[in-house]
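Structure record follows, encoded as structure tokens.
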Amino acid sequence: MVQVLNSPIKDLFMQLVCDSHTSIELCAPYIKTSIVCSLLQQKQNSSSLKLLTTFNLNNFYKGSSDIDAVKLVNEHNGSVFNSQRLHAKIYLFDKKYAIITSANLTYSGFEKNIEYGVLLDEPPLVKQV
């Protein structure tokens, strides 16, 4: 199934986090503490957590992204990776579900902005992601 996502994704995202038992992989250049806190509250202890984001001092200074969000992932045994040219926003859950979206891991991206994306649950497609 491929489902078009054209409304805020926070509820869907958090449900997938809650339902994940092995892994959660996040890819977004901007990340905010509020979303990470919500994610950590919903996440199963059995799920590993990986984050690919952009470490950019200017983004942290302007408040576009939170260094504390990155620290929280690290403090909760997550793996954090940096990509300076990252623009993609992809979220994988147990390698069974993938969200490809325009939404960053921010309040605006998850609840306020007009964003667009797709939810995939077909194994060959998720594997390609």
Quiz item: Extent of region 43-86 along each principal axis, from alpha carbon coordinates, in Å, largest to smallest?
Solution: 34, 19, 12
Exercise. Could you tell me what percent of the accessible area of the chain is made up of carbon and sulfur, with a 1.4 Å probe and every protein chain present?
Key: 51
Exercise. Hey, can you grab everything whose amide H is under 5 Å from the amide H of Leu51? Only 5+ residues off in sequence or another chain; H modelled, so Pro and N-termini drop out.
Key: Leu26, Ser79, Val80, Phe81
Quiz item: Which order, highest average first, do 74-84, 58-68 follow once you tally other Cβ atoms within 10 Å for each residue and take the mean per peptide?
Solution: 58-68, 74-84
Quiz prompt | For region 1-59: rounded, prolate or oblate by the Cα gyration tensor [a/c cutoff 1.5] | solution = oblate
Quiz item: Using modelled amide H (1.01 Å from N, peptide plane; none on Pro or chain starts), what sits under 5 Å from the amide H of Ala88, excluding residues fewer than 5 places away?
Solution: none
Self-check item: Hz values of 3J(HN,Hα) by residue in region 74-82 - Karplus curve (6.51, -1.76, 1.60), Gly and Pro given as x
Solution: 4, 5, 9, 6, x, 9, 10, 10, 10
Self-check item: Value of relative contact order over the chain, rounded to a whole percent, pairs C-alpha under 8 Å and six or more apart
Solution: 35
Quiz item: Shape call for region 64-129 from the C-alpha gyration tensor, a ≥ b ≥ c root eigenvalues: rounded (a/c under 1.5), prolate (a/b greater than b/c) or oblate?
Solution: oblate
Quiz item: Can you work out ³J(HN,Hα) from phi for every residue in region 28-35, in order, using Karplus 6.51 cos²θ - 1.76 cosθ + 1.60 and θ = phi - 60°, giving whole Hz and x for Gly and Pro?
Solution: 7, x, 10, 9, 10, 4, 4, 5
Quiz item: Could the peptides 36-42, 3-9 be put in order, highest first, of the mean number of other beta-carbon atoms found within 10 Å of their residues?
Solution: 36-42, 3-9
Quiz item: Using the heavy atoms of the protein chains alone and a 1.4 angstrom probe, what is the accessible area of region 23-127 per residue in square angstrom?
Solution: 55
Self-check item: Note, ³J(HN,Hα) from phi for region 93-105, Karplus 6.51, -1.76, 1.60, rounded to Hz, x at Gly and Pro
Solution: 10, 6, 6, 10, 10, 9, 10, 10, 8, 8, 7, 6, 7
Self-check item: Debye, to nearest 20: dipole size of the chain, +1 on Lys, Arg Cβ, -1 on Asp, Glu Cβ
Solution: 280
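The values are calculated or read from the model by the stated rules, or taken from the named source; none is laboratory data. Please read all numbers here as calculations on a predicted model, not as lab measurements. Glycine also receives a Cβ, built like all others from the backbone with ideal geometry; neighbour counts cover every protein chain displayed. Please note that ligands, DNA and RNA were not included when accessible areas were found on the heavy atoms of the full protein model with its side chains. Shrake-Rupley method; radii C 1.70, N 1.55, O 1.52, S 1.80 Å.
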